[in-house]
1. Taking only pairs six or more apart or across chains, which ones have beta-carbon atoms under 7 Å, a first residue in the stretch 428-447 that is within 15 Å of A355 (Cα to Cα) and open to solvent by less than 20 Å² (accessible area, probe 1.4 Å), and a second residue that is in a loop (DSSP other than H, G, I, E, B) and not hydrophobic (A, V, I, L, M, F, W, C)?
2. Return only the number of the condition from (1) touching a Ser or Thr at 6+ places or on another chain (Cβ under 6 Å); (2) more than 30 Å from A23 (Cα to Cα) that G67 does not satisfy.
3. Tell me, yes or no, whether the stretch 31-39 has at least one residue that is under 15 Å from E344 (Cα atoms), of a type in the set (S, T, Y) and either in contact (Cβ under 8 Å) with a residue 24 or more places away in the chain or out of contact with any helix residue (DSSP H, G or I) (no Cβ under 9 Å at 6 or more places or on another chain) (or both).
4. Looking only at the stretch 45-57, count how many residues are in a helix (DSSP H, G or I) and open to solvent by 60 Å² or more (accessible area, probe 1.4 Å).
5. For the structure I just gave you, tell me whether P4 is in contact with a helix residue (DSSP H, G or I) (Cβ under 7 Å, 6 or more places away or on another chain), part of a loop (DSSP other than H, G, I, E, B) and within 23 Å of A277 (Cα to Cα).
6. Can you confirm whether the stretch 342-351 contains a residue that is over 17 Å from R326 (Cβ atoms), out of contact with any Pro (no Cβ under 7 Å at 6 or more places or on another chain) and either open to solvent by less than 30 Å² (accessible area, probe 1.4 Å) or not aliphatic (A, V, I, L, M) (or both)?
7. Are there helices (runs of 4 or more DSSP H) fully within the stretch 165-231 with at least 2 residues that are closer than 27 Å to A88 by Cβ and out of contact with any helix residue (DSSP H, G or I) (no Cβ under 6 Å at 6 or more places or on another chain)? List them.
Amino acid sequence: MAIPLLLTANRYGYFGDELYFLAAGRHLAWGYVDQPPLLPLLARIMDEVGHSPFVLRIPAMLVTLGGVVLTALIARELGGGAKAQTLAAATFAVSTNLLAGGHYLATSTVDPFLWTLLLWLLVRWLRTRADSLLVLAGVVTAVALYAKFLIGGFWLAAGVALLVRGPRELLRRPALWLGAAIAVAALVPTLVWQATHGWPQLGMGAAISREVADGGGGRLLFLPTALLTAGLPVGAVLLCYGLYRLLRSRELRFLGWTTLLLTLVFLAVNGRFYYLAGMYPLCWAVAAVALERREPARWWRWVATWPCYVLAAVLVLPVSLPVWPRAWLTEHPALPAPALAFAEIGWPEGTNSVAGAFARLPGPEHTAVVTETYWEASALARYGPGLGLPEPASGNRGYATLGVPPETATDVLFVGADPRPLRGHFAGVRPIGKVDTGSAKPSYFDGVPLWLATGRTGPWSALWPELVNTHP
């Protein structure tokens, strides 16, 4: 797993979200509209080390490899020997979702690792009853809350499962509540930031729900996609079997019910399919231990054979990592490349195209650059300063709080498909071309329309909320 991650880490360029983390890292805060502060801080640190996608992705590669090790350790805590540990680790390594996550820095990469670490601590506590593990679980929870708030949902679901299915002894341990106090205390600065900014994370949750409903298949595809990205054929099969074994285990069944409760909650709120990924390693470990003990029916033990894992690797690599040379991808867009690959190319070339359009404007010194999406703004912030572009702004998601155009900007170069929010606030809005990434086609940035809005009719304080509300 380490070899393909290392070989592909610098093959294309930054992913759109990575560019956003770099932009947000230049405006460090205790919170953001769309996330806690850990990822922007981490991006800032890695960018100080070296300005390249490879350096930025070192933490992603490390936590993904750490997830492989922790999955094997969970199997060991459950009584698994060398075979079970190998099966569990290998299943993690051929998971489409988790292998792809190791390629780029994202909350969806860091969060599953922290969940896996937390689950290892809980499983180890069930075996040893060493209460220091529960305090460490609180520390891990605190870190996870700074990456993504989802871990709070895990503890709510686990609490309900413990009350109903046991072991209730866990809830009576003072160390558990000490760990909870540590997590809550650590979260106070971020909660204060959220409170003073009107709890934007709540609105972000609603926006994600709409996005999933509009473009991600919604609730209908939640479970099928979660199973497919767990890995075929072994990941999906062992996930289901592991959950079955969890529900039949006296000590571990609360974690099986936690998984079911989380699934229902994420379905109800129309969440993203990968929100469940943190529970996969536990299910795989439980299934691997059962396979080692030859507990499943003989007819489907074939899933634990090496040909299945080879097949899984062959299937997962081209759709999870940018293994194809960049020239092949641009010349043959029908290749089975991961969707994220098209969000890693064209950003520098697209920025050059925008800079060229900006330089040709009649009054660039009085013109702001505003983009429709936070990806576009993040790319322009990364590559634009040396090309004469001003600091970009965008009303999309968390980028809306990173900067507002100055009052001296009476015109706007708008980068995006929908300039309607500008109409009524400018004397005129007209198309002036499109972003051309040249040889970087196809990419998300290529072909994005460019518009020139001239003669601003009101202050930015009145205009900006319109842009933010239109593009939540």
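1. Listed by first residue and then by second, the contacts come to V435/D446; V435/G447; T437/G346; T437/S443; T437/D446; F445/G346; F445/T437.
2. So G67 meets the others, but not (2).
3. no
4. Residues meeting the conditions: 4.
5. Spelling it out, it is not the case that P4 is in contact with a helix residue (DSSP H, G or I) (Cβ under 7 Å, 6 or more places away or on another chain), part of a loop (DSSP other than H, G, I, E, B) and within 23 Å of A277 (Cα to Cα).
6. yes
7. 222-230
Conditions (1) of a type in the set (V, I, T); (2) surrounded by 16 or more Cβ atoms within 10 Å (Cβ to Cβ); (3) in contact with a His (Cβ under 9 Å, 6 or more places away or on another chain), marked per residue:
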{"site": "P189", "(1), (2), (3)": "no, no, no"}
{"site": "A195", "(1), (2), (3)": "no, no, no"}
{"site": "S209", "(1), (2), (3)": "no, yes, no"}
{"site": "T229", "(1), (2), (3)": "yes, yes, no"}
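The values are calculated or read from the model by the stated rules, or taken from the named source; none is laboratory data. Note that the structure is a prediction, hence the values are computed from the model and not measured. Here the Cβ is made from the backbone with ideal geometry for all residues, glycine too, and neighbour counts use every protein chain on show. SASA here: full protein model, heavy atoms, side chains in, ligands and nucleic acids out. Shrake-Rupley method; radii C 1.70, N 1.55, O 1.52, S 1.80 Å.
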